[in-house]
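Input: a single structure, listed below in structure tokens.
Nothing in this text is a laboratory measurement; each read-out follows from the coordinates by a stated rule. It should be emphasised that the depicted structure is a prediction, and the values quoted were computed from it without experimental measurement. Backbone-built Cβ (ideal geometry, glycine too); neighbour counts: all protein chains shown.
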């Protein structure tokens with residue numbers, strides 16, 4: 001069972017690294033846990049207040065307004081107005097579920113009324129434009145959204 | 001907060017109580033100490049309740065509403081209660097002749113009237129006695145630390161709504177669609193025109209969310225489903241502790257479970273951790289717990305059945321869960337009549353789960369934004385791409401594991417411990433655990449080799465695959481640490497431990 005010097009050095013290094021890891025990580029984890037517990041104990045928030053704190057007040061207010069305007073079984077057209085990959089459309093889709101969403105595409109790709117009408121294949125009345133995380137989404141009547149895109153197309157790309 | 005706390009505890013109990021009842025049917029699990037029995041019970045409860053609801057909804061059209069949820073939860077709980085009563089009655093009948101035996105001698109009173117300890121001394125003596133019963137101060141301190149960490153995760157889960165990426169993008173959104181439709185074959189999943197991410201992903205955890213929300217009539221914005229995910233953390237640590245005790249002594253098992261709890265990005269706030277609503281931590285639990293039963297020393301058929309339920313849950317939790325479940329089953333194969341029976345008992349629930357998943361998935365069209373892994377795999381560019389992508393993947397993987405702020409040197413420690421304790425890794429059981437570690441990592445490399453953006457995929461998924469391998473990895477750490485302990489202090493206990501390990505092999 002006795003080991004040579006290299007083996008003993010390796011054993012000592014392994015034990016040392018275990019102790020080092022525990023010394024660094026465990027206090028952090030315990031401190032964090034203690035913080036979570038004390039925050040939760042002191043908190044007396046409603047669900048709406050917790051959503052506003054985590055997702056942002058403006059965003060939560062906009063979601064609540066859209067939820068009030070769209071019945072739970074009414075589908076809508078979803079447009080991604082934020083930067084691609086920001087996740088904004090996912091968060092809006094989650095917050096508006098179980099309303100079915102038909103994804104139209106990126107707002108920047110909707111460069112004209114004709115092109116938009118081709119993409120709006122689903123016969124749905126409302127369009128929700130999602131932006132980057134934390135930014136409030138916007139609800140449009142479908143015809144108003146088409147008008148808005150046509151107006152922007154007439155003004156040129158600088159007015160996006 | 002109080003309502004959310006009560007809801008969270010209720011959601012956990014919805015699965016833990018039926019699961020605890022199920023453990024009554026499995027002798028090995030029934031004989032575990034209460035915390036470990038509860039951990040296995042929770043995992044079996046999620047597997048049985050959510051799995052049964054998934055099957056009933058898809059195969060029989062049973063609506064996912066409170067009557068179905070309560071009936072599904074009550075059945076295993078009642079089965080366990082009846083089994084427990086029958087067992088106790090039989091045990092009582094068997095013990096009845098012993099009533100004729102003379103009463104046991106009254107133990108001598110060690111302390112005289114003048115030596116009765118005061119209250120503080122009694123407390124200290126009580127704590128010392130508790131620590132002694134639990135194997136010394138180290139396991140008790142580790143248990144307290146791990147309990148505080150788990151409590152912190154639970155507190156965060158009941159206080160905040162989900163804020164993770166995949167949880168909101170896929171799992172929680174699917175749960176909302178399924179709840180509204182009352183079926184796992186929700187129209188939003190079935191019709192390709194509707195936008196949904198990862199539409200074909202297995203639904204066990206979303207169904208568990210729906211079950212908890214429906215059972216308590218919770219608000220759709222309730223944080224209650226998050227408690228289900230948070231409860232997987234103590235389950236993981238207790239499964240690790242149970243499995244690691246076979247590789248090392250009690251203090252080492254407790255220490256490695258604490259190592260896992262302290263590796264915060266691993267199990268808590270990283271992608272896939274207990275503070276998220278990803279399915280990686282549940283998959284790690286199901287995979288690890290099933291392995292612990294299949295690689296255990298006692299080849300009982302009932303252990304195989306319990307492992308099979310856990311493997312079925314793994315297959316219904318994530319896409320790669322089916323592959324990991326098959327790997328775990330293969331690792332559980334050993335010659336010998338009892339071992340073959342255990343293997344067969346594990347294979348049946350897994351085969352049923354795979355058939356259920358295939359049937360459900362056949363009706364769900366894939367969406368544009370989902371990764372067509374099967375198509376990519378069929379393109380046949382696996383090996384050349386693996387070599388070509390390695391240059392992009394390896395630096396990212398190393399960089400992620402080397403981030404001190406996240407990992408605090410966890411991945412510096414792991415190779416050093418495994419190298420120093422490598423003798424322990426040569427044992428047959430340890431070699432199976434090694435293959436079990438390699439399973440999730442091999443799946444990760446295979447995915448990176450065929451995915452068009454391997455660097456991106458490695459960046460967002462590598463730590464989740466590491467998490468899936470958590471139980472076997474930490475068990476190996478326990479084996480290696482026990483070996484190092486034998487080098488440093490070859491005491492009689494260590495020799496006994498080594499002999500026990502050899503006997504288990």
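So the values come out like this:
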| item | result |
| --- | --- |
| Pairwise centroid distance, computed over Cα atoms, of the range B:156-227 with the range B:305-371, Å | 23 Å |
| Extended-chain gain in nm, criterion 0.36 nm per residue less alpha-carbon gap, residue B:71 and residue B:34 | 10.8 nm |
| Separation between Cα centres of the range B:46-64 and the range B:423-490, rounded to whole Å | 33 Å |
| Inter-site label distance for residue B:422 and residue A:143 at 7 Å from Cα along Cβ, in nm | 7.7 nm |
| Shielding by partners, peptide B:139-148 (average Cβ within 10 angstrom, other chains) | 2 |
| Considering only the protein assembly as shown, percent of DSSP beta bridges that pair antiparallel, nearest 5 | 30 percent |
| Relative exposure of B:195, A:38, B:57, judged by other C-beta atoms within 10 Å (fewest first) | A:38, B:195, B:57 |
| Estimated translational D of chain A in µm²/s (Stokes, Kirkwood radius over Cα pairs; 37 °C; 0.692 mPa s) | 167 µm²/s |
| Linear extension gain, residue B:301 paired with residue B:455, 0.36 nm per residue minus alpha-carbon span | 51.0 nm |
| Label zone at residue B:392 (point 7 Å along Cα-to-Cβ), backbone N below 12 Å, the range B:442-486 | B:448-459 |
| Cα-only Debye scattering, the range A:91-160: base-10 log of I(q)/I(0) at q = 0.18 Å⁻¹ | -0.73 |
| Cα Rg, Dmax, the range A:1-44, angstrom units | 18.6, 61 |
| The range A:55-159 - share of DSSP beta bridges that are antiparallel (%, nearest 5) | 30 percent |
| Per-q log10 I(q)/I(0), the range B:161-224, q = 0.20 Å⁻¹ (Debye; single scatterer per alpha-carbon; no solvent) | -0.75 |
| Prolate/oblate/rounded label for the range B:216-311 (Cα gyration tensor, a/c 1.5) | oblate |
| Added length on full extension, which subtracts the Cα-Cα distance from 0.36 nm per residue, residue B:366 to residue B:489 | 38.5 nm |
| Viscosity 1.002 mPa s, 20 °C: Kirkwood-radius Stokes-Einstein D of the range B:1-40 over Cα pairs, µm²/s | 197 µm²/s |
| Computed over the range A:55-159: relative contact order in percent, which uses C-alpha pairs under 8 Å that are six or more apart | 34 percent |
| Shape box of the protein assembly as shown [Cα atoms, principal axes, largest first, Å] | 97, 60, 55 |
| Average beta-carbon neighbours from other chains, 10 Å sphere, peptide A:36-48 | 6 |
